[in-house]
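Everything below concerns the one structure shown next.
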Amino acid sequence: MELTATTTIRKPASEVYAFWRDLENLPTFMAHLEEVRTTGDRTSRWVADAPFGKDIAWDAEIVDDTPGEKIRWRSAGDADVPNAGTVRFTPAPDGVSTEVHIVLVYDIPGGTIGKAVAKYFGEEPHQQLDDDLRRLKQVLETGEVVRSDGAPWGKRARKEFPQRPAQPLSDAELAKGADR
Amino acid sequence: MRANTWAGRNKVEVRDVPDPRILNRRDAIVRITSTAICGSDLHLVDGYVPTMQDGDVMGHEFMGEVVEVGAGVAPERLRVGDRVVVPFPIACGACGACASELYSCCENTNPNAGIAEKMFGHPVAGIFGYSHLTGGFAGGQAQYARVPFADVGPLKIESDLADEQVLFLSDILPTGYMGAEMCDIQPSDVVAVWGAGPVGQFAMDSARVLGAAKVIAIDKEPYRLEMAERAGHTPVNFEEVDVRSQLLELTGGRGPDKCIDAVGLEATHGSAHIAAYDQVKQAVRLETDRPHVLRQAIMSCRSGGVVSVIGVYGGLVDKFPAGAWMNRSLTLRTGQCHVQRYMKPLLRRIESGELDPTRIITHTLPLEEAERGFEIFKNKQDNCEKVVLKP
Ligand SMILES: NC(=O)c1ccc[n+]([C@@H]2O[C@H](COP(=O)([O-])OP(=O)(O)OC[C@H]3O[C@@H](n4cnc5c(N)ncnc54)[C@H](O)[C@@H]3O)[C@@H](O)[C@H]2O)c1
Ligand SMILES: [Zn+2]
Ligand SMILES: [Zn+2]
C-alpha cells in the first residue's frame, strides 16, 4: 500500500526538516505511532499505537538524508509490517512557506497483524496521513496539536466520530485522557 | 456550570455541564458576562447544519472577564482580570490564511478539518458552539468558556463602554460591516439589503457609514422594517410587493448597484409555489439550502454590480441563475466573517458614536431562559430582534 500526502507550512524548510529529522518528534503528530526512540546516528526504534496492532515495534534506518530537502527511511530487519517513507521539503512560491510531500509504503502481511493494520487505515487510508500532516502543521505553526471539547485527544479525532458532545470535559474524562 | 445546549432538532436545554479547563497552552477561560442568540444558531436548531450532537454547548457571541490563562499566553497580550470580547471564528494567527487576514478560514484551528474538507473542498476554521464540522468547540451561551488562541482573537475593552455596546463586535457588527465592505461602495450607490434581522440591520448601518447614497431594507416582518426605517433606511416588504419591481421603481429602472444577502439558507419566499418547490427539495435533501434571496439578489442587481453574501449557506442550492450572473458581469463575494480583521476599527466607530450597536437589542434575559429566547427570536414574537442573555 502506498500513501501520499502534502501540506504547506509557513516556516522555512530548514526548520521543518530539522523537526522531522529528530524522528522522536513523529509521534506528536502521526496517529499510528506511540513512540520513536533514536538508537544511533541513522537508526531508530519505532513503536506503534495500540489500534495499529498491539505491541508492534520495529527498527528503522535513514537511507538518504539531504539537510533541508529530503529524508528517506525504511524498516530494518524482520519488521512485522515492512515499511518505508520519503519526505521532501520544497520552498513554496510565497517565499516564506515550505511544501511537505510525503510518501509512505507499507507491505501489509496476512494474519491478524495485517488485519489490524488494514482496519486501522480503513476505507480511505490516505485520510490518516492527511490528518497527520495537518497536525504537523499545527505543531510547527502554533506549537501544539489543537484540542476541542468534541475532539480533545488530538490524534484520535477522526476515529471518534460521532464525538463526545462539544461541552467541557469532566474530571474523570480528563484523568482518563491523560494516561492514554 | 450552567450552559445552553443543543438537545435535538428544535430543542435547546439549559443544563449542568462541567466547568471548562485549559486544554492547550494558549487557552484562556472567560467568565461570561453577556452572550447572544444569533440567526446562525437558528440554522443549528432547525437542523440545517450537520454534525450537531445532543449536549453541544451553543453560542458564539460572547464577552466577559478572563479568569485563567494558559502558560503559553504572554502577559502583555492577556491577563487574568482583562475584559474581552471574543470573536466567533477561532484563528491561530500564524497560518497562511491568518497571514492574509482570512481568519474564518484559519488552517489550524479545526480538529475535524478532514470532515469539513469533505463537505467544502477545503477545511474551515474552528467556530465556538457551531457543530462538530467546525471543530466541536463548546460555545458561549454558558457561564464560562474556554477560548483557544486567547493571545490572538479576544479584543480587550479598556474603556467603560457597557457590554451592550461592544458585545456584537464578536460577530454580527463585523459581519454586517464586511457585507457592506465587500460591496466596494461608491457615493452614488444604492445598496439593497435582504433581511432586516440583526445582521441585515448592521449591514445597512455599515453601508451608510461607508457612504452609500441610499440603503434599502427588504424583509416581511413589519416591526423589523420599521426598525430599519427608524435608522434611516428605505423599507420594502416582500410579502406586500414584488421585490424586483419595487427595486426598479426605487432606482429609476437601474436596479440596486450593490446587493447584500443577509438571510441565507432558510429564506422564505413571497410566492407560494416557488417557496414550495425549494421546501420540498430541502425536506427530501435534494437541495440543502433555500436560495430565494441569492437568486433574487442576482436577478435584481444592476449589470456590473456586486452581490455580497453574508447569510449562511451550508450545502447545495438548486437553480442558481448562472446566466444572469455571468452575462451581466456581476461580482459575487462572500465569507464567514473574518471578525478579527474588523474588531478594532469598529470599536473606534462605536466610541466615536458613528455606529450604535445597542439599537437592535429588544430582549435581555437570564441564561436560564435561553429556551424562551430562542422561541421568541425564531418565531418573531414580541417584536423580537436580538436577544442578549445574562449568565
Ligand atoms: N457570514 C457570517 O459570518 C455570518 C455571521 C452571523 C450571521 N450570519 C448569517 O446571517 C443571516 C442573518 O442572521 P440574523 O441573525 O440577522 O438572522 P434572522 O433570522 O434574525 O434574520 C433573517 C431575516 O431574513 C428575513 N427573510 C427571510 N426570507 C427573506 C426573503 N426572502 N427576503 C428578505 N428577507 C427575508 C427574515 O424575516 C428575518 O428577519 C443568517 O443566515 C446567519 O446565519 C452570517
Ligand atoms: Zn452569530
Ligand atoms: Zn490560522
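The values are calculated or read from the model by the stated rules, or taken from the named source; none is laboratory data. Keep in mind that what you see is a predicted model, and the values were worked out from it rather than measured. As a convention, Cβ positions derive from the backbone with ideal geometry for all residues, glycine included, and neighbour counts pool all protein chains shown. Remember, those area values only see protein heavy atoms, side chains included, never the ligands or the DNA or RNA. Shrake-Rupley method; radii C 1.70, N 1.55, O 1.52, S 1.80 Å.
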message: Please pick out the residue among B:266, B:249 that is in contact with a Leu (Cβ under 8 Å, 6 or more places away or on another chain) and assigned by TED's automatic domain parsing to the domain that holds residue B:223.
response: B:266
- line: Apart from one, (1) in contact with a Leu (Cβ under 8 Å, 6 or more places away or on another chain); (2) open to solvent by less than 10 Å² (accessible area, probe 1.4 Å); (3) away from ligand 3 (no atom under 16 Å from the Cβ) all hold for residue B:115; the odd one out is (2)
- request: Please enumerate the residues belonging to region B:182-217 that are closer than 18 Å to residue B:332 by Cβ and without any contact (Cβ under 8 Å) to a residue 40 or more places away in the chain.
  value: none
- prompt: Does region B:13-23 include one or more residues that are surrounded by fewer than 23 Cβ atoms within 10 Å (Cβ to Cβ), in contact with an Asp or Glu (Cβ under 8 Å, 6 or more places away or on another chain), free of Cβ contacts under 8 Å to residues at least 24 places away in the same chain and not acidic (Asp, Glu)?
  reply: yes
- prompt: Does region B:89-111 hold any residues that are within 16 Å of ligand 1 (Cβ to nearest atom) and surrounded by 17 or more Cβ atoms within 10 Å (Cβ to Cβ), and which are they?
  reply: B:89, B:90, B:91, B:97, B:102, B:103, B:104, B:105, B:106, B:109, B:110
statement: Apart from one, (1) open to solvent by 10 Å² or more (accessible area, probe 1.4 Å); (2) within 14 Å of another protein chain (Cβ to nearest Cβ); (3) closer than 22 Å to residue B:364 by Cα all hold for residue B:33; the odd one out is (2)
- prompt: Going through region B:89-107 one residue at a time, which ones are more than 18 Å from residue B:24 (Cβ to Cβ) and either assigned to a helix (DSSP H, G or I) or not polar (S, T, N, Q) (or both)?
  reply: B:96, B:97, B:99, B:101, B:102, B:104, B:105
- request: Would you mind stating whether residue A:94 is in contact with a Pro (Cβ under 9 Å, 6 or more places away or on another chain), loosely packed, with under 15 Cβ neighbours inside 10 Å and charged (D, E, K, R)?
  value: no
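Of all residues in region B:66-76, count the ones that are within 16 Å of ligand 3 (Cβ to nearest atom) and away from chain A (no Cβ under 11 Å). Show your work before the answer.
Of region B:66-76, the ones within 16 Å of ligand 3 (Cβ to nearest atom) are B:72.
Adding the requirement that they be away from chain A (no Cβ under 11 Å) leaves none.
Residues flagged as within 16 Å of ligand 3 (Cβ to nearest atom) and away from chain A (no Cβ under 11 Å) within region B:66-76 amount to 0.
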task: Kindly establish whether residue B:161 is on the phi < 0 side of the Ramachandran plot and away from ligand 3 (no atom under 15 Å from the Cβ).
output: yes
- request: Only one of these is more than 23 Å from residue B:259 (Cβ to Cβ) and open to solvent by 10 Å² or more (accessible area, probe 1.4 Å): B:158, B:221, B:181. Name it.
  value: B:158
message: I need a count of the residues in region B:330-355 that are open to solvent by 60 Å² or more (accessible area, probe 1.4 Å) and free of Cβ contacts under 8 Å to residues at least 12 places away in the same chain.
response: 2
query: So, of the residues in region A:1-48 that are touching a helix residue (DSSP H, G or I) at 6+ places or on another chain (Cβ under 8 Å) and assigned to a loop (DSSP other than H, G, I, E, B), which turns out to be farthest from residue B:113 (Cα to Cα)?
result: A:1
query: Where in region B:170-259 are there helices (runs of 4 or more DSSP H), lying fully within it, with 3 or more residues that are under 30 Å from residue B:128 (Cβ atoms), at pLDDT 95 or above and within 16 Å of ligand 2 (Cβ to nearest atom)?
result: B:172-181, B:198-209
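Going by the conditions given, is residue A:109 farther than 21 Å from residue A:55 by Cα and of a type outside the set (Ser, Thr, Tyr)?
The answer is no for residue A:109.
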message: Among the residues of region B:162-170, are any β-branched (Val, Ile, Thr), in contact with a helix residue (DSSP H, G or I) (Cβ under 9 Å, 6 or more places away or on another chain) and open to solvent by 10 Å² or more (accessible area, probe 1.4 Å)?
response: no
- prompt: Looking at this structure, is residue B:181 acidic (Asp, Glu) and assigned by TED's automatic domain parsing to the domain that holds residue B:262?
  reply: yes
message: Go through region A:107-158 and report how many residues are open to solvent by 50 Å² or more (accessible area, probe 1.4 Å), away from chain B (no Cβ under 11 Å) and in contact with a Gly (Cβ under 7 Å, 6 or more places away or on another chain).
response: 2
- prompt: Which ranges mark the strands (runs of 3 or more DSSP E) fully within region B:1-72 that have 3 or more residues being within 11 Å of residue B:145 (Cβ to Cβ)?
  reply: B:28-36, B:62-69
task: Evaluate the following for residue A:43: is it under 15 Å from residue A:24 (Cβ atoms) and touching a Lys or Arg at 6+ places or on another chain (Cβ under 9 Å)?
output: no
- request: Could you tell me which of the residues B:88, B:62 is closer than 24 Å to residue B:201 by Cα and within 16 Å of ligand 3 (Cβ to nearest atom)?
  value: B:88
task: Might you let me know whether region B:275-288 holds any residue that is over 21 Å from residue B:46 (Cα atoms), away from chain A (no Cβ under 14 Å) and more than 10 Å from ligand 1 (Cβ to nearest atom)?
output: no
- prompt: Does residue B:136 satisfy being closer than 25 Å to residue A:132 by Cβ and surrounded by fewer than 24 Cβ atoms within 10 Å (Cβ to Cβ)?
  reply: no
- request: Quick one: which residue in B:47, B:59, B:55 is under 29 Å from residue B:283 (Cα atoms) and away from every other protein chain (no Cβ under 14 Å)?
  value: B:47
Residue satisfying condition, being more than 9 Å from chain A (Cβ to nearest Cβ), open to solvent by 30 Å² or more (accessible area, probe 1.4 Å) and within 16 Å of ligand 2 (Cβ to nearest atom), within set B:124, B:152, B:80, B:86: B:124
- request: Name the one entry in A:77, A:53, A:40 that is open to solvent by 70 Å² or more (accessible area, probe 1.4 Å) and either touching a residue at least 40 places away in the same chain (Cβ under 8 Å) or not basic (Lys, Arg) (or both).
  value: A:77
